[in-house]
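Peer 1: Please read through the structure below; I'll follow up with questions.
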Amino acid sequence: MKPSSIFALLVSLTTAACVSGAPVPADKLARSESAIRSAEELGAERNAEGARYLQAAREQLATGRKFVIDGDQATATPLLLRAEADAELAMNITRESTAIADARKTRDEIASLQTSMKGGK
Amino acid sequence: MIMLLTAKSTYASLALLTFTCGALGCASAPPPRELQDARAAYRAAAESPAAVKAQRDIGEAKEALGRAEAAFDDDPKGAGTRDWSYIAQRKAHSARARASALTALDDGRAAKGELVALRAQEKALRDHELDGARSALAGERGRAESERQARADADAKTRDALATIAGMTATQSDRGLVLTLSGSVLFASGKSTLLPAAQARLAEASTALKADGRSIHVVGHTDSTGSDQTNLTLSRQRAEAVRAYLVSKGMTSGRIDAEGAGKDHPIADNATPEGRANNRRVELILVNAKP
C-alpha cells in the first residue's frame, strides 16, 4: 500500500469514528494484514490449499478496506474477521503440510538407512 | 437458553440446544448451510485425537461458533449468522490443521532422534568393520612377509648347501630357486645314464633338497644338434634319470616331477662348442608355494 493510501485510510478511519461513533476496526485491519503477511512468509502460496485460502483472505481484506475507507464499519468488520480467519487457516494448513512432509522425509531416511545396514552396504 | 449455553461441554450444549430448539419449534427456519458446516467442522476438530495439542485454537473456534449460534437465534437468516458461521468453520479447520501440524512436528522430532541414533549405530558398525578389515590386512601382510622371509631363508640355506658342489649353479627366478647341472657332468654324450661322478654330486645335493622341503620340477635341456624328436626324448629321459636318482636317495616321489624341453630353451650360443655344452643341462627348480 502506498503512503498516500495509508494516509487516506487513517483519515477515513478517524472521520468514520467521529461520524458514526462506532469503534474503528483499525486493529482488525492490522490483524488481518498481519495474518496474511505471516501466511505469505510461511510459503502458503506454494501449498495448493493454503494458496486458495490466502487468496480468499486477500480478496476479503481488499473489500473490507474499501468499506473502512467509505466509513462503513459494520460491513467492514466481518470481512476483516473473515480475512484473518482465512489467512490463519492458510498458515496452519501450510504448517501442517510442511511438518508432515519433513517427518515423512526423516522416516524415509531411517528406512533407507535400515535397509542399507541390513544389506551390509 | 443461557443456562444451556453455559453447560460444561460445548458439544453437549450444542447438541442439546439443537434438540431443544427442534423439540420446541423455537427456530422456525432450519440452520443455514454455513452454520451446519461450522458445527460439523467444530465437532471434527474438537473430537480429533490431537485436539489436546491445540486447545487455544479449539477455544477460539468454540467462541466463534457460539457467536454464530447466538446470531442464528437472533436472526436465522441474517448476515451475522453467515459471517460467524464462516469464521467458526475456518477457525475449526485451522485448529484441526494446527493440531495435526503439532503432531507431525512431534513425530518429526522423534524420527530425527531415531535417525541420529541409527547413524551413530551405522558409523560404529562401519568403524568396527573397518578395524576388522585393517587387522585382517595387517595379518595378511605379516603372513606374506613371514612367508617371503621363510622362502628367502630356505633359498639361502639351500644355496649355501649346494655351493660347494662342483658343476652346479643356483639362481633365483620368479618360479623359485633354479639349480643348474651341466649335462657334461651328468651324462655321456647322447646318453641318459647318470655318470658315477654325477651320482655323487646328486647324492650330496639330495641332502640339501630334502631339508628344503619344496616341490622340485626337473627339466632336461639339449643343444641343437640332432632332430627335435631325438632331443626331446633325450632331454626327457635325462630329467627322468635325475628324478629317479633323487627318489632313490630318499626324496618323496610325489615332490618331484620331470619333463623334457629338448633344444627349445637355450641359455648359450649353439654355434660354439662351449655354448652347446652350456645348453646341455638339467635344471632342478625348487618351486615356490603359491601365495
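Read the figures in this text as sums done on the coordinates, not as results from a lab. These figures come from a predicted structure and were not determined experimentally. Glycine gets a Cβ as well: all are built from the backbone with ideal geometry, and neighbour counts include every protein chain shown.
Peer 1: Dividing the Cα convex hull volume of segment B:114-240 by residue count, how many Å³ per residue is that? Write down the numbers at each step before the final one.
Peer 2: Values: hull volume 19.3 nm³, N = 127.
Cα convex hull per residue, to the nearest whole number: 152 Å³.
Peer 1: Let me ask you something else. Rounded, prolate or oblate, given the Cα gyration tensor of segment B:79-128, with a/c below 1.5 counting as rounded? Present the calculation step by step, with values, prior to reporting the outcome.
Peer 2: Values: a/c = 12.64, a/b = 9.66, b/c = 1.31.
Prolate shape, in that a/c is at least 1.5 and a/b is the bigger ratio.
Peer 1: Then there is this: Counting other Cβ atoms within 10 Å, keep those with at most 16, restrict to DSSP loop, and tell me which trypsin sites (Lys or Arg not before Pro) in segment B:210-279 are left.
Peer 2: Here the trypsin sites (Lys or Arg not before Pro) that fit, given the DSSP loop and packing criteria, are B:Lys249.
Peer 1: If I take every Cα pair under 8 Å that is 6 or more residues apart in segment B:86-190, average their sequence separation and divide by the length, what percent do I get for the relative contact order?
Peer 2: 10
Peer 1: Under the definition of partner shielding as Cβ atoms of other protein chains within 10 Å of a residue Cβ, what is the mean value for peptide A:106-112?
Peer 2: Counting other chains' Cβ atoms within 10 Å and averaging over A:106-112 gives 4.
Peer 1: Using the alpha carbons of segment B:29-130, what is the convex hull volume per residue in cubic angstrom, as a whole number?
Peer 2: 84
Peer 1: For q values of 0.07, 0.11 Å⁻¹, compute log₁₀ I(q)/I(0) with the Debye formula on a Cα-only model of the protein assembly as shown, without solvent.
Peer 2: Values returned for q = 0.07, 0.11 Å⁻¹ are -0.57, -0.91.
Peer 1: For B:Val247, B:Val52, B:Val218, what ranking results if the residue with the fewest other Cβ atoms within 10 Å of its Cβ goes first?
Peer 2: Working: B:Val247 15, B:Val52 10, B:Val218 24.
Ascending number of Cβ neighbours within 10 Å: B:Val52, B:Val247, B:Val218.
Peer 1: Over segment B:149-188, what is the relative contact order in whole percent, taking alpha-carbon pairs under 8 Å and six or more residues apart?
Peer 2: The value is 26 percent.
Peer 1: Right, here's the next one. Using Cα-only point scatterers and the Debye equation, what is log10 of I(q)/I(0) for segment B:186-291 at each q in 0.14, 0.18, 0.19 Å⁻¹, rounded to two decimals?
Peer 2: -0.54, -0.85, -0.93
Peer 1: I need the Kirkwood Rh of chain B: take the reciprocal of the average 1/r across all distinct C-alpha pairs and report it in angstrom. Working shown, then result.
Peer 2: On the way: mean 1/r = 0.0358 Å⁻¹.
Taking the inverse mean of 1/r over all distinct Cα pairs, chain B comes out at 28.0 Å.
Peer 1: Report the Cα centroid-to-centroid distance between segment B:181-214 and segment B:77-95 in angstrom, as an integer.
Peer 2: If you average the Cα positions of each part, the centres end up 115 Å apart.
Peer 1: Another question, then. Sequence neighbours fewer than 8 away in the same chain don't count; with that in mind, list the lysines whose C-alpha is under 17 Å from A:Lys118.
Peer 2: Candidates past the 8-residue exclusion: B:Lys123.
Peer 1: Please check: in the Gaussian network model of chain B (C-alpha springs, under 10 Å), which one of B:Ala133, B:Ala198, B:Ala50 has the largest mean-square fluctuation.
Peer 2: B:Ala50
Peer 1: Using only Cα atoms, find the angle between the long axis of helix B:10-24 and the longest principal axis of chain B, and express it within 0 to 90 degrees, rounded to the nearest 10.
Peer 2: Orientation of helix B:10-24: about 40 degrees from the principal axis.
Peer 1: Rank the residues B:Val185, A:Val68 as a footprinting-exposure proxy: fewest other Cβ atoms within 10 Å of their Cβ go first.
Peer 2: B:Val185, A:Val68
Peer 1: How many partner chain Cβ atoms sit within 10 Å of a residue's Cβ in peptide B:180-192, on average, as a whole number? Provide the component values of the computation, followed by the final result.
Peer 2: Working: counts 0, 0, 0, 0, 0, 0, 0, 0, 0, 0, 0, 0, 0.
Per residue, the average neighbour count from other chains is 0.
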